[in-house]
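Report on the structure given below.
The values are calculated or read from the model by the stated rules, or taken from the named source; none is laboratory data. Note that the structure is a prediction, hence the values are computed from the model and not measured. So basically every Cβ, Gly included, is an ideal-geometry build from the backbone, and we count neighbours across all protein chains shown. For the accessible areas, the whole protein counts, side chains as well, though only heavy atoms, and no ligand, DNA or RNA atoms are used. Shrake-Rupley method; radii C 1.70, N 1.55, O 1.52, S 1.80 Å.
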Amino acid sequence: MSTRKILVSGVKPTGRPHIGNYFGAMKQFVDLQESYESRIFVANLHALTSVQDKNEMEQSARDVILDYLAIGLDPEKATLYYQSDVPHVTELSWIFGSLTTMPYLMRAHAFKDAEAKNKEINVSTFNYPLLMAADILVHDADVVPVGQDQKQHIEIARDTAEKFNRAFGETFKLPGALILEQVAVVPGTDGQKMSKSYGNTIPLFAADEEIDKTVMGIVTDSSGEYPENVFKIHQLLRTNEELDKLYEENKGKYKVLKEALAEDLKNFIRPMREKRKKWEAKPEEVERILTEGGQRMRKVVHDKMIFVREVVGLIHHE
Ligand code: TRP
């Protein structure tokens, strides 16, 4: 039996990933796959809250699994699967919903933001944190690597585990968030946090020309000797020592420094982009990975859910 600690995480399939998603969260999946028993899923049920189009949903989910494989997740090491292939999580989120008050969930940042933008917010957007809690708790996860933006969701998962344990006895392990503090906020091309909603991203699988164009378009403050926004993004790819030298030698030469960043980005992105293409050409193999991953996870989660049903008084009939 494996004695490794359990790692669980997922990415919601909506739109192209950018280097902020990669450095803020996804890179950790790869770095940690040797030392943790990793279960990484495509959060397609969560995506349903904003995508209600069959083709778009299928395509976006497929994109995320290709992204996982391209960044170096190894299906021999980590279990990769679709969230919807382990439907037990929806059952568990229903149980959690019965223990959670509306005022509590109304304090969630994501809900408040969504509500500020759209009053006609759907019920699943409101329940989003509870499905996420179920994703995590059903595995008795030890760690959950996520970006800074998901921190509150992990806190909600912990609160939910405590609430459940208090009501029904010790059942769920309290998970910890793994947030890389030094890259907690990856800067975008305008210096704000890199985010799709700000339109300041560098796509993770961008083509060379797109990288050139995006980097040359980085907004710089021409009053200083260093283009700060260029430097901040560059820090993701090189040590401070290397950068100090490069930026010192090219003081005031914004164009040269941008070109250096574009080169580094191209060299960094190219191998992943090529790996993604290779996987794209092998759809049957990707399907096999997902089938095996889903089967494995359903088995693991099944026993846990029988236990959960029993402790809440829902007698299970095999
Ligand atoms: N909410 C996460 C995101 O927006 C995706 C997600 C769903 C997740 N369930 C999770 C992440 C469980 C970690 C653990 O990307």
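Some points to look at:
- Among the candidates Ala25, Ala70, Ala43, residue that is among the small types (Gly, Ala, Ser), at pLDDT 95 or above and within 15 Å of the ligand (Cβ to nearest atom): Ala43
- Residue within segment 203-213 that is under 26 Å from Thr239 (Cα atoms), in contact with a Leu (Cβ under 6 Å, 6 or more places away or on another chain) and away from the ligand (no atom under 13 Å from the Cβ) present: yes
- Qualifying residue in segment 205-222 (condition: within 22 Å of Ala25 (Cβ to Cβ) and either under 18 Å from the mean Cα position of the chain (by Cα) or exposed (fewer than 13 other Cβ atoms within 10 Å of the Cβ) (or both)): yes
- When each of Ala110, Ala177, Ala167 is tested for being away from the ligand (no atom under 16 Å from the Cβ) and either assigned to a helix (DSSP H, G or I) or open to solvent by 30 Å² or more (accessible area, probe 1.4 Å) (or both), the lone residue that passes is Ala167.
- As a summary of the residue check, Ile136 satisfies the conditions (1) within 15 Å of the ligand (Cβ to nearest atom); (2) assigned to a helix (DSSP H, G or I); (3) out of contact with any Leu (no Cβ under 8 Å at 6 or more places or on another chain); (4) open to solvent by 10 Å² or more (accessible area, probe 1.4 Å) except for the one numbered (4).
- Residue in segment 141-164 that is farthest from the ligand (Cβ to nearest atom), counting only those that are of a type in the set (A, V, I, L, M) and assigned to a loop (DSSP other than H, G, I, E, B): Ala141
- From the options Gly169, Gly176, residue that is more than 13 Å from the chain's Cα centre (by Cα) and on the phi > 0 side of the Ramachandran plot: Gly169
- Residue-level check: of (1) closer than 21 Å to Val138 by Cα; (2) without any contact (Cβ under 8 Å) to a residue 40 or more places away in the chain; (3) within 16 Å of the ligand (Cβ to nearest atom), Val51 misses just (1).
- Any hit, segment 247-269, residues being touching a Lys or Arg at 6+ places or on another chain (Cβ under 8 Å) and either surrounded by fewer than 16 Cβ atoms within 10 Å (Cβ to Cβ) or under 30 Å from Ile154 (Cβ atoms) (or both): no
- Positions within segment 113-133 being open to solvent by less than 40 Å² (accessible area, probe 1.4 Å) and either outside any helix (DSSP H, G or I) or in contact (Cβ under 8 Å) with a residue 40 or more places away in the chain (or both), in sequence order: Thr125, Tyr128, Leu131, Met132, Ala133
- Condition met for Asp85 (acidic (Asp, Glu) and either away from the ligand (no atom under 16 Å from the Cβ) or modelled with pLDDT of 95 or more (or both)): yes
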